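Undergrad: Quick one: the structure is below, and I'll ask about it shortly.
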């Protein structure tokens, strides 16, 4: 689903909004995260076959993978080689992770980046929420991508304790399930958080997708170190 595509419910109900997110096919779109009105950016891409192949082998070889480290672009490949199983196409997978790290560190002028690479069999953050940080990069190498809501499709008073114990579907957080956006596997997502300067109360609203029984996700996140 294109992040700026309007959705209308089948019964002719409320149309979904378009505020907050932007997408593109070239890395230049990532600079849009610096725009005040933008709190989510998607760089759309398709994973190379060798990267996808390694991802599938990785969940079989190391289903409990939970790699966490603070890395520099110069030392990232070495650290990943020491932590990831030596399977066919490992070099291509590591090259892709390092590429994302280089893009992220360049965009935000970071010397070090907090990196987490994890195999998941359940949704890590199943409720819609915002993050109390500057800006997080998320990319899914295997499984379903991140779900999110445009700003004008969210009643932020229903986030967290405001849901009064009700599910996202019943709390009134969003008016129409068709407004839930989802990125594709391989897409690079920037999620501006509440900790971004001047963005208190306007962080990107997102959640992890459900993971079907017997399936796995591989998720990469990057944060300011």
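Readers should treat all values here as calculations from the given coordinates under stated rules, not as data from a laboratory. All values reported here derive from a predicted model rather than from experimental measurement.
Undergrad: Quick one: Debye curve from the C-alpha atoms of the stretch 8-123, no solvent, what's log10 I(q)/I(0) at q = 0.15, 0.17 Å⁻¹?
TA: -0.83, -0.98
Undergrad: Note down the relative contact order for the stretch 18-147 as a percent, whole number, built from C-alpha pairs under 8 angstrom at least six residues apart. Could you put the intermediate results ahead of the total?
TA: Working: 129 pairs, mean separation 32.3, N = 130.
After rounding, I find 25 percent.
Undergrad: Would you compute, from DSSP H runs of 4+ residues alone, the mean residue ellipticity of the chain at 222 nm, taking -39500 (n - 2.57) per run and dividing by the full residue count, rounded to the nearest 500?
TA: -6000 deg cm²/dmol
Undergrad: Hey, another quick one. Please grab the % of Cα pairs in the chain that end up more than 27 Å from each other. Could you put the intermediate results ahead of the total?
TA: On the way: 8268 of 25200 pairs.
Considering the chain, 33 percent of its Cα-Cα pairs are separated by more than 27 Å.
Undergrad: Could you tell me how many degrees, from 0 to 90 and to the nearest 10, lie between the Cα long axis of helix 90-108 and the main elongation axis, the longest principal axis, of the Cα atoms of the chain?
TA: Between the helix axis and the principal axis of the chain, the angle is about 50 degrees.
Undergrad: Could you check what % of the DSSP bridge pairs in the chain are antiparallel, to the nearest 5?
TA: 90
Undergrad: Could you let me know the centre-to-centre spacing of the stretch 175-225 and the stretch 93-166, using Cα atoms, in angstrom?
TA: Going from one Cα centre to the other spans 4 Å.
Undergrad: Let me know the whole percent of all Cα-Cα pairs from the stretch 111-225 that are separated by more than 20 Å. Numbers along the way, then the final one.
TA: Working: 2812 of 6555 pairs.
Tail fraction, whole percent: 43.
Undergrad: Three principal axis extents, largest first, for the C-alpha atoms of the stretch 177-225, in Å?
TA: 41, 32, 17 Å, listed from the longest principal axis down.
Undergrad: Using only Cα atoms, tell me the angle between helix 49-61 and the longest principal axis of the chain; keep it within 0 to 90° and round to the nearest 10.
TA: It is inclined by approximately 80 degrees.
Undergrad: Can you give me the relative contact order of the chain as a percent, contacts being Cα pairs under 8 Å and 6 or more apart? If you can, show how the numbers build up before the last one.
TA: Values: 475 pairs, mean separation 66.0, N = 225.
With pairs under 8 Å counted, the relative contact order is 29 percent.
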